[in-house]
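A.B. asks: Before I ask anything, let me first share the structure, which is written out below as structure tokens.
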Amino acid sequence: MHFETKVLHAGIEPDPSTGAIMTPIFQTSTYVQAAPGEHKGYEYARTQNPTRDVLQQNLAALEGAANGLCFSTGMGAVDAVMKLLQPGDEVIATNDLYGGTYRLFTKIFAPFGIHFHFVDMGNPEKVKAAVNAKTRLIWAETPTNPLLKIIDIAAMAEISKAAGALLVVDNTFASPYLQQPISLGADIVMHSVTKYLGGHSDLVMGALITNSDSLRERLAFIQNSCGATPGPMDCFLALRGIKTLHLRMQRHCENGAAIAAYLSEHPLVGKVYWPGLETHPGHEIARKQMRDFGGMISFTLAKDTVEAAMTFLKNTKLFSLAESLGGVESLVGHPATMTHASIPREERIANGLSDSLIRLSVGVEHVNDLIDDLSKALKAV
Ligand SMILES: *Cc1c(COP(=O)(O)O)cnc(C)c1O
């Protein structure tokens with residue numbers, strides 16, 4: 001089955017009791033048993049819910065894998081993966097991780113005795129150099145936030161296999177439409193369903209996908225024991241959003257390409273970060289492992305100051321100033337004062353996040369209206 005058909009049909013059947021084509025929202029906490037232990041596969045909604053089951057099967061199919069598990073948030077999904085580890089275990093993670101993941105690793109799991117190495121995964125040699133006998137997990141995120149760096153997933157899988165460690169890929173920025181890490185050797189794919197999968201900025205959710213039945217069993221045990229499970233209404237909304245994932249992603253990519261080209265030519269713009277540009281250092285690997293290059297773009301202003309960025313942000317109308325990404329509406333953000341404000345300025349700039357860096361989540365509006373909006377805001381600068 002092609003991806004475009006899977007989004008609509010994989011794991012989804014009309015409701016057997018009524019024929020309803022849409023998956024019902026099973027808004028129930030418990031299920032009646034005929035006799036103690038005699039039930040229809042459902043006992044209590046933290047453990048199993050039919051709406052969630054359908055979503056989990058659908059997500060697994062989209063990543064080309066056997067098993068999916070959903071969580072109340074993306075961070076709930078990351079948390080569940082880390083609970084596979086024991087004190088003394090070591091993790092190698094990309095050095096420009098999503099801020100919430102970095103916070104969970106350093107502030108919650110490091111005090112429990114898990115040791116983290118943050119390395120530049122653009123260079124596989126640096127990852128190899130960080131491997132030792134205690135390495136249990138490699139955590140990669142690609143493309144990264146906000147500089148859209150590309151990590152070679154197949155190269156990471158080779159290193160993790162040789163080390164006897166698990167490779168986990170946060171696939172939130174790409175979505176399974178653009179990139180399927182399991183086919184490149186990843187053991188677990190993590191998603192913030194909140195972003196492209198949900199696609200409509202109307203829910204918060206996480207997911208883990210794996211081909212391994214033993215990993216599925218351990219992660220489902222953690223899911224049920226720790227309890228970060230999503231409600232059935234959110235599962236319904238995610239299923240509804242996913243039905244148009246392929247259509248939305250095509251438009252995100254087309255609009256992304258046109259806007260990256262426009263910004264690259266603009267005299268008031270400094271650098272443009274978009275993996276589809278041939279000048280992007282990760283372009284060749286992106287071509288190899290992604291179907292297209294997505295709708296996330298970052299750029300700096302020629303006048304590289306926080307004030308210039310503020311003027312720009314006050315003057316966009318269609319691009320709304322907000323955290324988050326991946327929805328149908330275009331969003332704009334300023335990492336230095338928003339998502340990355342807690343990083344000291346010198347460290348931030350050393351990592352390439354300059355004062356005027358602006359991040360766009362390009363939506364599915366008409367591209368000329370979006371370019372017009374950016375053009376007016378640039379003129380104001
Ligand atoms: C948003 C996000 C998360 C966290 O997901 P939530 O749904 O907000 O908990 C993790 N990784 C990436 C790359 C994200 O963008």
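The values are calculated or read from the model by the stated rules, or taken from the named source; none is laboratory data. A quick note: this is a predicted structure, and the numbers were derived from the prediction, not measured. Note that each Cβ is placed from the backbone with ideal geometry, even for glycine, and that neighbours are counted across all protein chains shown. We work out accessible area using only protein heavy atoms, side chains counted, and drop any ligands, DNA or RNA first. Shrake-Rupley method; radii C 1.70, N 1.55, O 1.52, S 1.80 Å.
A.B. asks: What's the total number of residues in the range 316-370 that are open to solvent by 10 Å² or more (accessible area, probe 1.4 Å), over 17 Å from Leu301 (Cβ atoms) and of a type in the set (Gly, Ala, Ser)?
C.D. replies: Going through the range 316-370 one residue at a time, the tally reaches 6.
Per-residue answers, yes or no, for (1) within 16 Å of the ligand (Cβ to nearest atom); (2) of a type in the set (D, E, K, R):
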residue: Arg240; (1), (2): no, yes
residue: Arg251; (1), (2): no, yes
residue: Tyr273; (1), (2): yes, no
residue: Thr305; (1), (2): no, no
residue: Lys314; (1), (2): no, yes
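A.B. asks: Sticking with this one: Would you confirm whether any residue within the range 200-221 is crowded, with 24+ Cβ neighbours inside 10 Å, part of a helix (DSSP H, G or I) and within 13 Å of the ligand (Cβ to nearest atom)?
C.D. replies: no
A.B. asks: Scanning for something touching a strand residue (DSSP E or B) at 6+ places or on another chain (Cβ under 7 Å) and closer than 21 Å to Thr101 by Cα, does the range 233-244 turn up at least one residue?
C.D. replies: No.
A.B. asks: Something else about it: Restricting the range 81-104 to residues that are within 12 Å of the ligand (Cβ to nearest atom) and in a helix (DSSP H, G or I), which is farthest from Ser324 (Cα to Cα)?
C.D. replies: Here the residue is Val81.
A.B. asks: What single numbered condition from (1) modelled with pLDDT of 95 or more; (2) over 30 Å from Met121 (Cα atoms) fails to hold for Ala61?
C.D. replies: If we test Ala61 against (1) modelled with pLDDT of 95 or more; (2) over 30 Å from Met121 (Cα atoms), just (2) comes out false.
A.B. asks: Determine which single condition Ile285 fails, assuming it passes every other condition in (1) open to solvent by less than 20 Å² (accessible area, probe 1.4 Å); (2) touching a residue at least 40 places away in the same chain (Cβ under 8 Å); (3) hydrophobic (A, V, I, L, M, F, W, C); (4) out of contact with any Pro (no Cβ under 6 Å at 6 or more places or on another chain).
C.D. replies: For Ile285, the failing item is (1).
A.B. asks: Taking Ala228 as meeting all but one of (1) within 16 Å of the ligand (Cβ to nearest atom); (2) of a type in the set (A, V, I, L, M, F, W, C); (3) surrounded by 22 or more Cβ atoms within 10 Å (Cβ to Cβ); (4) farther than 24 Å from His9 by Cβ, write down the number of the exception.
C.D. replies: Only one criterion in (1) within 16 Å of the ligand (Cβ to nearest atom); (2) of a type in the set (A, V, I, L, M, F, W, C); (3) surrounded by 22 or more Cβ atoms within 10 Å (Cβ to Cβ); (4) farther than 24 Å from His9 by Cβ is unmet by Ala228, namely (3).
Listed here are the residues, each with its yes/no results for (1) among the basic types (Lys, Arg); (2) in contact (Cβ under 8 Å) with a residue 40 or more places away in the chain; (3) out of contact with any Leu (no Cβ under 7 Å at 6 or more places or on another chain).
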position: Asp152; (1), (2), (3): no, yes, yes
position: Leu167; (1), (2), (3): no, no, yes
position: Ser175; (1), (2), (3): no, yes, no
position: Leu197; (1), (2), (3): no, yes, no
position: Val204; (1), (2), (3): no, yes, yes
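A.B. asks: All but one of (1) touching a His at 6+ places or on another chain (Cβ under 6 Å); (2) open to solvent by 30 Å² or more (accessible area, probe 1.4 Å) hold for Ala130, so report the exception by its number.
C.D. replies: Condition (2) is where Ala130 drops out.
A.B. asks: Of the residues Gly19, Gly68, Gly41, which is out of contact with any Gly (no Cβ under 6 Å at 6 or more places or on another chain), on the phi > 0 side of the Ramachandran plot and either among the hydrophobic types (A, V, I, L, M, F, W, C) or modelled with pLDDT of 95 or more (or both)?
C.D. replies: The conditions single out Gly19.
A.B. asks: Which pairs have Cβ atoms under 6 Å, sit 6 or more apart or on different chains, and link a residue in the range 94-119 that is not assigned by TED's automatic domain parsing to the domain that holds His340 to one that is polar (S, T, N, Q)?
C.D. replies: Once the first residue is not assigned by TED's automatic domain parsing to the domain that holds His340 and sits in the range 94-119, its partners that are polar (S, T, N, Q) give Asp96/Thr144; Tyr98/Asn145; Gly99/Thr339; Phe118/Asn95; Val119/Asn95.
A.B. asks: Right, here's the next one. Which of the residues that make up the range 111-126 are open to solvent by less than 80 Å² (accessible area, probe 1.4 Å) and closer than 15 Å to Val81 by Cβ?
C.D. replies: Scanning the range 111-126 gives Ile114, Phe116.
A.B. asks: I would also like to ask the following. Can you work out which of the residues in the range 155-190 that are closer than 19 Å to Leu62 by Cα and part of a helix (DSSP H, G or I) is farthest from the ligand (Cβ to nearest atom)?
C.D. replies: Ser183
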